[in-house]
Each structure stands twice: as structure tokens, then as C-alpha cells.
Amino acid sequence: LKDSAPGQVRSGGTVKKSLWTRSVESAFEFHRIVEDIYPDGVRLIRFVVSDFVGRFLTPNWGAKLISLDELLKSFGVCGIPDPEADLSSCSIINGISMAVEAISELTELQKKQVELNSGIDGFRKRRRDVSPGEETEVLKPPIVGSEAPGEEERDLRHERFPERYEKLASLVERERNEIYELTLENATKKVSPNSGTIVVFTSTKTDDDIALLAKHISEVISSRNKMLKSLDGDKNFASIALVHVFFFIIYPVVEGNFPLPTPKPLTKVHF
């Protein structure tokens, strides 16, 4: 605050923020950045909080990026952590496990792509099961105009119908083959592995803790993929092919230095 007199500065007190407040502000800022980079809403975000249990703030992926108002309401319903809670019973592990589960869950767009691929596979199977001779037999027209002269009055408009039908059937078959090949080509381009990004806001202070969290994520992904393989045919989930993980360390500003995790480049982990 400044006094009305020039050059007079007066202290108006100190505003204190908890680590929880800083974490929420960081989540809002991350949301803003994603919304600015992808204004069309094609990048989806789900938020998870973790204390003694993990909780989703957003129940599903939805069809577009969650709005800031919806996110504010979700954090408002969640409430602040209990400062008197037993810290030994709180763990970020629960939230990270739920984040991995969320990435294995398909978005609405991914589900539509799975349905499209299933339709293409079924079409390809039907084409293998039906021989060319059988397809030709199905397309053969009935013989028209076989009645004896004088039995029924002929409609001259249909006199050459069989020839026109056979020519049309040939064109339809050719176009169908071209559409089939084009569909397969496009489907191959559109199919992409199920992947995602986990952004962790935490107050973890050592490299060992970060290493343990990274190892836990790798183990959970491996376990999740094995379970999903046993659920063959489930259209709501898919195995995870790739996950990027980022840790943002939030710590209080105090006098003196204390150890913090060392910044590291992206490291590839197989699972």
C-alpha cells in the first residue's frame, strides 16, 4: 500500500497461503494454459485429489475441456484438507493410482473410433467369408420378360433392364471396393495408441521420493494393462501405451536452504 504522500510506503500486513492453496492455484493455472493452447477444447483434463483416499473431482472425461467455473465448483465441494488429520494415513499414491485408471478409460471420441474399427474388421471378415462367386450370384438380376407373347402386356421401359442392372451392379461393386480400401487407409491413419499425461502437484522433497512415485506409476500401468487384457472386448477401457509424468514441487518459503528434488529431463520407462 502507498500513502497519499509521494514516496511514502506503508505495510498493510502479510497474506499467507497454505500449500493447499498454492496447489489449487497451480491447477487453475495449468487449466488456463491448456485452454489457451487448445481453445477448441480437444484436450481433456481430469482432476484427482488425494489424502487418506483418492477422489475424482471430474467423474468422466466428457466431450470437451472442463470449464473454469465447473472446476471452481468441484474444488469448492471437495473442501480443504483437515489440518489436524493424521499425516501418516495420507498418501499421494491413492491419487496417482486413480490417475492411471483414468488414462485407461476411453474418451467418447476414442469409443467412436473403436466402434469404427470394429465395423471395418467385421466388414473385412464378411468379405473373406463370402467368395467372389457367391457375391456375383447375389447381384444377379431375375430374368424379366420371360412370359409368352400375349399372356401379359409388356412394359417396353423394362425391356433392357437386365443389361442395365448388370452394368450398374459392376459399377457398384467397383465403388464399394474403392470405398473399402479408402476406409482401411483412413482407419490406419486415425488409429493411435492410448496415451496421456499425469501432472502431479506435491510437496515431496527428495529425489528418492520422486523415484518411488515414478516406480509406482510404472507398476500400476503394468498391472492395469494385464487386467485390461483379460477384459477383452470391453469398449470402455484400453491398454495404456504411453504416459508422460511431470512432478511440480510446491514448498514453503522459509529462511535457510533445504534439499529439494533435482530437476531432470524426460526419462523413458518401459512397462
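The values are calculated or read from the model by the stated rules, or taken from the named source; none is laboratory data. All figures in this text were calculated on a predicted structure; none of them were measured in a lab. All Cβ positions, glycine included, derive from the backbone under ideal geometry; neighbour counts span all protein chains shown.
Among the residues of the range 25-56, what is the count of those that are closer than 22 Å to Asn194 by Cβ, among the aromatic types (Phe, Trp, Tyr) and touching a Ser or Thr at 6+ places or on another chain (Cβ under 8 Å)?
1
Mind checking which residues of the range 76-102 are closer than 12 Å to Val49 by Cα, crowded, with 18+ Cβ neighbours inside 10 Å and not polar (S, T, N, Q)?
Answer for the range 76-102, where residues must be closer than 12 Å to Val49 by Cα, crowded, with 18+ Cβ neighbours inside 10 Å and not polar (S, T, N, Q): Ile92, Gly95, Ile96, Met98, Ala99.
Since Thr136 meets every condition but one in (1) assigned to a helix (DSSP H, G or I); (2) hydroxyl-bearing (Ser, Thr, Tyr); (3) modelled with pLDDT of 80 or more, which condition does it not meet?
The number of the failed condition is (3).
Of everything in the range 37-68 that's over 17 Å from the mean Cα position of the chain (by Cα) and not in a loop (DSSP other than H, G, I, E, B), which residue is surrounded by the most Cβ atoms within 10 Å (Cβ to Cβ)?
Looking at the filtered set, the residue picked out is Val49.
Check Gly95, Gly76 and return the single one that is modelled with pLDDT of 85 or more, more than 22 Å from the chain's Cα centre (by Cα) and among the small types (Gly, Ala, Ser).
None of the other options fit; the residue is Gly76.
Taking Leu116 as meeting all but one of (1) outside any loop (DSSP other than H, G, I, E, B); (2) under 16 Å from the mean Cα position of the chain (by Cα), write down the number of the exception.
In the conditions (1) outside any loop (DSSP other than H, G, I, E, B); (2) under 16 Å from the mean Cα position of the chain (by Cα), Leu116 misses (2) alone.
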